[in-house]
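The values are calculated or read from the model by the stated rules, or taken from the named source; none is laboratory data. Small disclaimer: the values here were computed from a predicted structure and weren't measured. Ideal geometry is used to build each Cβ from the backbone, glycine not excepted, and the neighbour counts take in all protein chains shown. For the accessible areas, the whole protein counts, side chains as well, though only heavy atoms, and no ligand, DNA or RNA atoms are used. Shrake-Rupley method; radii C 1.70, N 1.55, O 1.52, S 1.80 Å.
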Amino acid sequence: MSHDTDAELEARLAEQERFSPPESFVAQANVTDEGIYEEFEENWPECWEQAAALLDWDEPYDTVLDDSNPPFFEWFTGGSLNASANCLDRHLDERGDEAAIEWIGEPTEEENRTYTYRELHREVNEFAAALKDLGVAEDDVVTLYMPMIPELPIAMLACARIGAPHSVVFAGFSADALATRMNAADSEFLVTCDGYYRRGDPLEHKEKADEGLSGVEHDVETVVVDRLDDDYDHPMEANHHDYDDLVEAQAGMTVDPVSRDAEDMLFLMYTSGTTGQPKGVKHTTGGYLSWASWTGQAVLDIKPEDTYFCAADIGWITGHSYIVYGPLALGTTTMMYEGTPDYPEKDRLWEIVEEYEANQLYTAPTAIRAFMKWGSQYPESHDLSSLRLLGTVGEPINPRAWKWYYKYIGGEECPIVDTWWQTETGGMMITTLPGVSEMSPGSAGPPLPGLDVRIVDNDGEQVKPGRAGYLTVNKPWPGMLRTLYRNDERYIDEYWRTYSDVDSDDPDDWVYFPEDGAKISEDGYITVLGRVDDVINVSGHRLGTMEIESAIVGVEGVAEAAVVGGHHDVKGEAVYAYVITEDGYEGDDAMAERIIEGVNSAIGPIARPEQVVFTPELPKTRSGKIMRRLLEDIANGDELGNTSTLRNPEIVSEIAAKVKND
Ligand code: PRX
C-alpha cells in the first residue's frame with residue numbers, strides 16, 4: 001500500500017467518478033454476466049426461481065408469484081420449507097465441522113467461541129426442545145432482547161425450527177420500547193440475558209428487561225442467558241428460566257424442523273415510522289430467505305469457504321439478513337463481534353479482520369467516517385489483504401468516505417457495494433453487482449436485476465435524470481414485507497396509498513413507496529438523498545421524530561416539543577430538540593438533562609438529543625403547523641428559508657441564536 005496523505009489521496013481520487021471492478025475480483029465473482037439485467041427483465045417473475053433454487057424445499061412451490069390480491073403479494077406459493085433446516089441441517093454432511101459462527105467476545109480473547117455447523121445445529125435443537133417444553137407453539141411470537149451474543153442467533157434459529165416467529169428488540173432499546181413491542185405482538189415469551197460487556201466493563205441488561213416486563217399486560221415466560229457469570233448476580237423469579245439449565249436438560253435432543261408454508265411468518269421486526277407507534281414488519285419463510293440468500297451470493301459474493309464479517313448488530317434488519325439468515329443459508333462462516341470498534345484501541349476491527357482473515361466487510365458509513373477521523377495509521381498497521389469485497393448500508397455514503405474506504409481498507413483491490421434497502425424490503429434493492437458494474441462513489445448504483453425502481457414527482461411521473469424526486473418500486477419482489485402485523489390497513493396507508501390506485505385489482509396499479517428521496521443519472525445510477533418522512537437516520541439507525549417528541553412531552557414541565565435531524569459529521573444526522581416549557585418551569589441545564597434522560601428511558605441512548613434548545617414558541621404557519629424545514633435549517637446552520645408564511649417570524653432568529661453550530 002502506498003502512503004498517500006489524506007490530501008494526496010483526495011487529489012488523486014477526487015477527479016475519478018467511476019471505478020471498474022478489480023480484475024482479480026471479477027475473475028472469481030459469483031455473478032459476472034452483465035446480461036443478467038436483460039435476462040431477468042425478460043423472464044420476470046420466473047427469474048426469481050433462481051433465488052428459490054438456493055434453498056431446500058420440503059414441498060416444491062407451484063406458483064412463483066401470486067399477484068391476484070395486490071398489495072398482498074405472495075411468492076412461491078404452495079411450497080414449504082424450514083429456515084433452520086436450510087441454515088443448518090443441509091450443511092451437516094459437507095460442512096458439519098466447518099465454522100458456522102466465529103464469535104469475538106469481550107473483554108478478553110478467552111471469551112471467543114467458534115460454533116461449527118454441527119455444534120450450532122446441536123444447540124439450536126436443544127434450545128428448540130426447551131422452548132417447546134416451555135409451551136411455545138407454532139406461530140407464537142417469541143421476543144428476543146439480547147446483545148451480540150451467540151445465544152441470539154441460536155434462539156432465532158430455534159424459533160424458526162419450531163415455526164415460532166421471533167421479534168428481536170435491539171438491546172440498546174429501553175424497557176419501555178421492549179414493553180411496547182411485546183404488547184403489540186401479544187408475545188408471551190422472552191429470551192434475554194443478565195448483561196454484557198462494554199469497553200471491558202459489565203453492563204446489566206436484566207434489570208432493564210424486568211422493568212420492561214412490568215409494563216407487559218399479560219403473563220410472560222422468560223429465559224435468561226447468564227452472560228456475565230459471577231460478574232453480576234441476577235435475581236430469578238418463578239417464571240424465569242436459566243438458559244444453560246434448559247439446554248442441559250435437553251442435551252442431545254433433536255427436534256424435527258416444522259415444515260412451514262412459504263408465506264408463513266419467519267419473523268417480525270419493529271421499525272420506526274411517521275407516527276409514534278412502531279410498525280411490525282412481517283417477513284415470510286420462503287420469499288425472505290430466498291432474498292437474503294440470493295442477494296448474499298450475488299452482491300456480497302458469499303461462498304461457503306469464506307469468512308464473512310458484517311459489523312452490524314443483529315438487533316437490526318442488517319444483522320438478521322446478513323449476519324444470520326443469508327450467510328448461514330449459504331453455508332459460510334459468519335462472524336459476530338460483541339464489542340465496539342474503538343476498544344481497547346481504535347484498530348480493533350482491523351485486528352479482527354487480520355486475525356480471522358475476513359474476506360468481506362459489511363458496515364455503515366457512520367463507522368467509515370469515524371475510522372477516517374481516527375486516521376489511516378490504524379488500518380495501515382494491519383494486514384488486510386484477505387479482504388475481497390467491502391460493503392456499506394444504512395445511509396448515504398459521501399464520496400470522500402467512499403474513497404477512503406476503497407483506498408485504506410480495500411487497498412484499491414476490493415469492489416465496494418453501496419447497498420440501499422430497508423427493514424421492509426428484507427434485503428438489498430439498489431446496488432452495483434460487484435463483478436459486473438462500474439462503481440460510482442456516492443451513488444448506490446442501478447436497481448438489482450428483476451426490480452423496477454423509478455424516481456418520480458408528486459404525481460408519480462418519472463423525473464428527468466439529475467432531478468430530485470421520490471423513489472418508488474413498481475413491481476413486487478420476493479423479500480418484500482407482506483404486511484404490518486395485524487394491521488393491513490396501515491400497511492396500505494404507509495407504503496402504497498401515495499402512488500397506487502388503491503381501488504384497483506390490477507397489480508400494475510400498485511406502487512411501493514419507501515419514503516426516500518433520490519435522483520437518477522442518465523445511465524440509471526441512483527443516488528439516494530434520504531428520508532422524506534419524519535424519520536431521521538442517526539448512525540444508520542432509523543428513529544421516528546414523533547416517538548422522540550412523545551418521549552419529551554412525557555417529561556414533567558414540558559409543554560411542547562419539535563424534533564428534527566441536523567447534519568452531523570460522523571453520525572450522518574443528529575437529533576435536535578426544540579422545547580417549550582410549561583409555566584413555572586425553567587429551561588435550564590437540569591431540565592435539559594431530564595429531557596435527555598426521558599428520551600433514554602423511553603427509547604434508548606441512540607435517540608439522545610444532541611442539543612435541547614428551549615424556546616418560548618415554535619415557528620408556526622398561520623394554520624398552526626410547525627415549520628420543521630426552518631428548524632432543520634437552524635440545526636444545520638444553513639441560511640434560513642422563507643419565513644414570510646409564519647405567524648411568528650421573529651422567533652426564528654431568536655431560536656437560531658441559541659443553537660450551537662460547530
Ligand atoms: O433512508 C434509507 C436509509 O435507511 C433507511 C432504511 O432504514 P432501516 O429500515 O433501518 O434499514 C437500514 C438497513 C437496511 C432507508 O429508507 N438507507 C439504507 N441504506 C442506504 C440508505 N440511504 C442511502 N444509501 C444507502 N445505501
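Selection over the stretch 6-50 of residues that are basic (Lys, Arg) and touching a residue at least 40 places away in the same chain (Cβ under 8 Å) gives a count of 1.
Residues checked against (1) within 16 Å of the ligand (Cβ to nearest atom); (2) in contact (Cβ under 8 Å) with a residue 12 or more places away in the chain; (3) under 19 Å from the mean Cα position of the chain (by Cα):
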| position | (1), (2), (3) |
| --- | --- |
| Ser272 | yes, yes, yes |
| Leu289 | no, yes, yes |
| Gln297 | no, yes, yes |
| Ala312 | yes, yes, yes |
| Ile323 | yes, yes, yes |
| Ala329 | no, yes, yes |
| Tyr343 | no, yes, no |
| Trp350 | no, yes, no |
| Asn359 | no, yes, no |
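One residue is enough: does the stretch 285-294 have a residue meeting the conditions open to solvent by 10 Å² or more (accessible area, probe 1.4 Å), of a type outside the set (Phe, Trp, Tyr) and not assigned by TED's automatic domain parsing to the domain that holds Leu144? Before you say what the answer is, go through the steps one by one.
Here is the first cut: in the stretch 285-294, the ones open to solvent by 10 Å² or more (accessible area, probe 1.4 Å) are none.
No, there is no match, as no residue in the stretch 285-294 is open to solvent by 10 Å² or more (accessible area, probe 1.4 Å), of a type outside the set (Phe, Trp, Tyr) and not assigned by TED's automatic domain parsing to the domain that holds Leu144.
Assessment of the stretch 378-392 against the conditions (within 16 Å of the ligand (Cβ to nearest atom), more than 22 Å from Gly339 (Cβ to Cβ) and at pLDDT 95 or above) yields at least one matching residue. Taken as a whole, the condition of being within 27 Å of the chain's Cα centre (by Cα), without any contact (Cβ under 8 Å) to a residue 24 or more places away in the chain and within 11 Å of the ligand (Cβ to nearest atom) applies to Arg531. Within the stretch 654-662, is even one residue among the polar types (S, T, N, Q), over 36 Å from the mean Cα position of the chain (by Cα) and open to solvent by 20 Å² or more (accessible area, probe 1.4 Å)? No, the stretch 654-662 contains no residue that is among the polar types (S, T, N, Q), over 36 Å from the mean Cα position of the chain (by Cα) and open to solvent by 20 Å² or more (accessible area, probe 1.4 Å). Filtered by the rule that a residue be of a type outside the set (Gly, Ala, Ser), more than 30 Å from Pro396 (Cβ to Cβ) and surrounded by 14 or more Cβ atoms within 10 Å (Cβ to Cβ), the stretch 557-603 gives Val558, Glu560, Ile580, Thr581, Tyr585, Met591, Arg594. Arg482 falls short on exactly one of the conditions (1) closer than 19 Å to Ser20 by Cβ; (2) within 22 Å of the chain's Cα centre (by Cα), and that condition is (1).
Could you tell me which of the residues Gly554, Gly544, Gly517, Gly524 is out of contact with any helix residue (DSSP H, G or I) (no Cβ under 7 Å at 6 or more places or on another chain) and assigned by TED's automatic domain parsing to the domain that holds Glu593? Testing whether each residue is out of contact with any helix residue (DSSP H, G or I) (no Cβ under 7 Å at 6 or more places or on another chain) and assigned by TED's automatic domain parsing to the domain that holds Glu593 leaves just Gly544.
Leu529 meets each of the listed conditions (1) more than 26 Å from Asn474 (Cα to Cα); (2) open to solvent by 20 Å² or more (accessible area, probe 1.4 Å) apart from (1). So which residues in the stretch 398-430 are more than 15 Å from the ligand (Cβ to nearest atom), open to solvent by less than 20 Å² (accessible area, probe 1.4 Å) and under 17 Å from Arg12 (Cα atoms)? Correct list: Trp404, Tyr406, Lys407, Tyr408, Ile409, Gly410.
Test Thr307 against the stated conditions and say whether it is away from the ligand (no atom under 16 Å from the Cβ) and touching a residue at least 60 places away in the same chain (Cβ under 8 Å). Please lay out each step first, then the result.
Values: away from the ligand (no atom under 16 Å from the Cβ): yes; touching a residue at least 60 places away in the same chain (Cβ under 8 Å): yes.
For Thr307, the condition - away from the ligand (no atom under 16 Å from the Cβ) and touching a residue at least 60 places away in the same chain (Cβ under 8 Å) - is met.
Return a yes/no flag: does the stretch 533-553 have any residue that is within 28 Å of Pro446 (Cα to Cα), buried (at least 21 other Cβ atoms within 10 Å of the Cβ) and hydroxyl-bearing (Ser, Thr, Tyr). No - not one qualifying residue is present in the stretch 533-553. Here Pro396, Pro365, Pro379 are screened, and the one residue that is out of contact with any Leu (no Cβ under 9 Å at 6 or more places or on another chain) and touching a residue at least 24 places away in the same chain (Cβ under 8 Å) is Pro365. Of all residues in the stretch 545-569, those satisfying the criterion of being within 16 Å of Pro605 (Cβ to Cβ) and within 16 Å of the ligand (Cβ to nearest atom) are Glu547, Ile548, His568. The strands (runs of 3 or more DSSP E) located wholly in the stretch 450-540 that include 1 or more residues which are small (Gly, Ala, Ser) occupy 469-473, 516-520, 526-531.
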